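**Student:** First the structure, then my questions, so here it is.
The values are calculated or read from the model by the stated rules, or taken from the named source; none is laboratory data. All of these numbers come straight from a predicted model, not from anything done at the bench. Heads up, the Cβs are rebuilt from the backbone with ideal geometry, glycines too, and the neighbour counts pull from every protein chain shown. These area figures cover heavy atoms from the full protein model, side chains too; ligands, DNA and RNA do not enter into them. Shrake-Rupley method; radii C 1.70, N 1.55, O 1.52, S 1.80 Å.
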Amino acid sequence: GGRDSSGRKRNIQSRLRELEDAKTKKSFVVKMREILRQAGLRTSVRNYFLLCDGLAISSAILYLIMGYPTVGVLPVAITVGFGLPRYVVKTKTKRRIAKFTKSFANAVDVIVRGIKSGLPVGECLNVIASESPEPVAGVFREIVESQKLGLSLDEALVRGQEQLNTPEMQFFAIVLAIQSQTGGNLADTLSNLSSILRDRKKMADK
């Protein structure tokens, strides 16, 4: 009843706080690796910065060859070498998030229907990993493969969020992790999430 739902709400709030704390404790390299993964880029952090350095040096040389005043060489090198790659990564991440959000409600519906017909959650995740469009399939493949490697559902969901992390995905992961530990009506909770996703999509379309 009411006590169950208020307890679950507290669980979700405390889990969100834990995730925020974990985020602040991550090293720069780990954060950077996640930024690249969110954009769908498989390159290493080292290669990314090598590319930035290469662009900075090339643009500085080109700038000087073209005879522009030397006072502007540093701003140009920084803008092209570090500003441009960051802009590309941000743009790719935005597009990837938009594609993910567009298909995520359908993926949640698949889980709801699966649970209601008696399928285990793991099997529902498998269906999404193999049959959903990208990038939803890729995120869920990460979750499924992580579980095959022996990670708990909670750990696998954290790995999935490293691939792509939106507020909806975060809420989905927390609900799934808490329900797996405490029980409760997962199908109803996820139905509510699906409705919220569809309402948000309608607003965005308008």
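**Student:** Take peptides 56-66, 186-196 and line them up by average Cβ neighbours within 10 Å, highest first, as a rough protection proxy.
**Tutor:** 186-196, 56-66
**Student:** Which ³J(HN,Hα) values in Hz, rounded to whole numbers, follow from the phi angles of the range 55-60 under the Karplus curve 6.51 cos²θ - 1.76 cosθ + 1.60, where θ = phi - 60° and Gly and Pro get x?
**Tutor:** Values, residue by residue: 5, 4, 5, 4, 5, 5 Hz.
**Student:** I need the phi-derived Karplus couplings for the range 35-48: 6.51 cos²θ - 1.76 cosθ + 1.60, θ = phi - 60°, integer Hz, Gly and Pro marked x.
**Tutor:** 4, 5, 5, 4, 7, x, 9, 8, 5, 7, 4, 4, 5, 4
**Student:** Could you give the distance between the Cα centres of the range 56-132 and the range 23-47, to the whole Å?
**Tutor:** When both Cα centres are located, 11 Å separates them.
**Student:** Rounded to the nearest 0.05, what FRET efficiency is calculated for D188 and I57 with R0 set to 45 Å and r the Cβ-Cβ distance?
**Tutor:** 0.20
**Student:** For the range 81-206, give the magnitude of the charge dipole about the Cα centre (Cβ charges: +1 Lys/Arg, -1 Asp/Glu; no others), in debye to the nearest 20.
**Tutor:** With only Lys, Arg, Asp and Glu charged at Cβ, the dipole is about 760 debye.
**Student:** Rounded if a/c is under 1.5, else prolate if a/b is larger than b/c, else oblate: which is the range 117-194, with a ≥ b ≥ c the root eigenvalues of its Cα gyration tensor?
**Tutor:** Note, shape of the range 117-194 comes out rounded.
**Student:** So for the pair S27, S117, with labels modelled 7 Å out along Cα→Cβ, what separation do we get in nm?
**Tutor:** 4.6
**Student:** Could I ask something else about it? When the accessible area of the range 95-154 is split by element with a 1.4 Å probe, what percent falls to carbon and sulfur?
**Tutor:** Carbon and sulfur atoms account for 53 percent of the accessible area of the range 95-154.
**Student:** Using the Karplus curve 6.51 cos²θ - 1.76 cosθ + 1.60 with θ = phi - 60°, what ³J(HN,Hα) values do you get for each residue of the range 95-104, in whole Hz, with x for Gly and Pro?
**Tutor:** Per residue, the Karplus-derived 3J(HN,Hα) values read 5, 5, 4, 4, 5, 5, 4, 4, 9, 5 Hz.
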